[in-house]
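K.L.:
The following block contains the structure, expressed as structure tokens.
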Amino acid sequence: MSTITRTWLAFAAIGIGMIHLALVISSPLPIAVVLVILGAIEFAWGIMTFIRDRIAYPKLVLFGALLPILLWSLLMVVAGLLEQPGLASTLGFTALGIASLLELFVAVVIAFQLRRKTDFSVPSRTPAAGRYLLGLFVGGLIVAAATTPALAATEAGAYAQPHGEHTLGFTPKQTSEFNFTVPTHQH
């Protein structure tokens with residue numbers, strides 16, 4: 001597997017992990033626990049994939065990339081059967097949809113490499129510096145373009161302080177049932 005492909009997988013895993021961690025704030029406790037575990041594992045695997053020159057645990061990664069999609073689908077079915085749409089709606093379709101697309105990318109690449117019988121213990125091929133930087137730039141740009149709207153669609157994104165409004169008196173707009181205000185500092 002090329003170094004560029006490996007870095008794209010790492011970018012995707014970090015993006016997925018950030019999305020799952022951002023969804024924790026608006027999720028019911030049992031779902032939040034699962035999201036914290038998934039997000040932490042995805043983020044850690046992404047960092048490890050950047051650091052190492054090979055893919056760690058490819059079969060486990062393939063399963064792990066498909067597991068959140070399966071769990072989200074199962075949650076949607078259970079919420080429908082129990083007539084509790086609020087159970088699944090707290091997660092947000094946009095954020096989980098984008099995370100699912102990134103997870104499918106990781107799963108397809110790993111499955112393709114497993115099908116080709118790629119030896120994952122062999123270090124990645126190192127491309128020329130210009131090609132590597134271009135690949136790194138394109139991968140980072142694509143994942144950033146995907147994760148930014150996903151993060152903005154979460155509860156954490158709803159309370160993110162807008163650019164240019166970094167003042168002590170800023171109070172976020174109320175977008176949910178939470179009554180959240182930022183304390184102001186008085187001198």
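K.L.:
Pull up region 98-120, narrow it to residues that are β-branched (Val, Ile, Thr) and surrounded by 14 or more Cβ atoms within 10 Å (Cβ to Cβ), then point me to the one that is nearest to the chain's Cα centre (by Cα).
P.N.:
ILE98
K.L.:
Residues that are of a type in the set (S, T, N, Q) and modelled with pLDDT of 85 or more: find the helices (runs of 4 or more DSSP H) completely inside region 48-133 holding 2 or more of those.
P.N.:
93-115
The values are calculated or read from the model by the stated rules, or taken from the named source; none is laboratory data. Please read all numbers here as calculations on a predicted model, not as lab measurements. Note that each Cβ is placed from the backbone with ideal geometry, even for glycine, and that neighbours are counted across all protein chains shown.
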